[in-house]
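Following: one structure in structure tokens, then a few remarks.
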Amino acid sequence: MESKILDKIKKLIAKQKSAEELGSVQEAEAFAIKVQELLNKHNISLKDISFEELKDNIIQEILDCKIPSVSYTLGYNIFYPIAKWNWCRVYTFTSESSKMCVVGTPENIEVCKMIYEIVLPIFLKEGKRKYKSSNQQGGLDTYLREFLRGCAKGLDLKFKSEREAFEVKNIGCTALIVRNDKAIIEYVETKFKMGKGRAQSYKRNDAYYEGVQTGKNVEINKKLDE
């Protein structure tokens, strides 16, 4: 990615990181859409490079998916839709439940990490606020686990909608998306022995559905153009 684009995103994310802004979904309005637009435009600009060149640029990075006092694994749930709809993929390890492996180009991984660093504190603060006002019977950590699963689902729906809108505006980009995904999959198949995942089911409650709405409505970059 052109360094000026990445630098612009970093600087504007830094401005967002006041405690007041991180506690308000509304204050973060429009950031996710703008970041995704920049990321998509960057990847479209690479349409003329060969598949082999793209594949050679794929890397992996190991990240912590533990959310202190809440869960050892839920960071993965939040990161998954971010990576899925922003030109990367993320995987977990059977041997190390508190770690996740994100795969993509260095620039795309960097943007996914920045998005994650913005939305997670927003979700946690919003979840605590909703718990306090909901008179829940269970503990805060139990509420937050279900709330964050809902946030992950809402985030997935949000990014999916934005990707669909992007594809409508940019006819022909689907082939680029497929090519990028193929490069990542080939990298993963070469580097790792992949097992079959097991479907998980959770009891859905009010905390989950509150989380879904929060994830769908979160916007990450109101001030990007300022």
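The values are calculated or read from the model by the stated rules, or taken from the named source; none is laboratory data. Small disclaimer: the values here were computed from a predicted structure and weren't measured. Ideal geometry is used to build each Cβ from the backbone, glycine not excepted, and the neighbour counts take in all protein chains shown.
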Practice task
Could you please give the count of residues in segment 146-158 that are surrounded by fewer than 21 Cβ atoms within 10 Å (Cβ to Cβ) and hydrophobic (A, V, I, L, M, F, W, C)?
Solution key: 1
Completion exercise
Within segment 67-84, residues within 18 Å of the chain's Cα centre (by Cα) and more than 14 Å from R149 (Cα to Cα) come out as A83, K84
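Per-residue answers, yes or no, for (1) of a type in the set (D, E, K, R); (2) under 15 Å from D181 (Cα atoms):
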{"site": "D56", "(1), (2)": "yes, yes"}
{"site": "I67", "(1), (2)": "no, no"}
{"site": "L74", "(1), (2)": "no, no"}
{"site": "R89", "(1), (2)": "yes, yes"}
{"site": "F93", "(1), (2)": "no, no"}
{"site": "M100", "(1), (2)": "no, no"}
{"site": "P106", "(1), (2)": "no, yes"}
{"site": "K113", "(1), (2)": "yes, no"}
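Yes/no per residue for (1) without any contact (Cβ under 8 Å) to a residue 12 or more places away in the chain; (2) farther than 21 Å from L120 by Cα:
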| site | (1), (2) |
| --- | --- |
| L39 | no, no |
| D48 | yes, yes |
| E53 | yes, yes |
| I58 | no, yes |
| E61 | no, no |
| K66 | no, no |
| S71 | no, no |
| L74 | no, no |
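So that you can scan it fast, the table gives a plain yes or no per residue for (1) charged (D, E, K, R); (2) within 22 Å of the chain's Cα centre (by Cα); (3) at positive phi:
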residue	(1), (2), (3)
Y116	no, yes, no
Y143	no, yes, no
K153	yes, yes, no
D156	yes, yes, no
S161	no, yes, no
I185	no, yes, no
K191	yes, no, no
Problem - In segment 160-184, the residues that are surrounded by fewer than 17 Cβ atoms within 10 Å (Cβ to Cβ) and either free of Cβ contacts under 8 Å to residues at least 12 places away in the same chain or of a type in the set (G, A, S) (or both) - result: S161, E164, A165, E167, V168, K169, I171, G172, T174, A175, V178
Problem - Qualifying position, being of a type in the set (D, E, K, R) and over 12 Å from G211 (Cβ atoms), among E110, E146 - result: E110
Exercise for the section: Take segment 201-226 and flag every residue that is more than 22 Å from N86 (Cα to Cα), part of a loop (DSSP other than H, G, I, E, B) and at pLDDT 50 or above. Expected result: K203, R204, N205
Problem - Any helices (runs of 4 or more DSSP H) falling wholly within segment 28-145 and containing at least 1 residues that are at pLDDT 90 or above and buried (at least 16 other Cβ atoms within 10 Å of the Cβ) - result: 74-84, 106-134
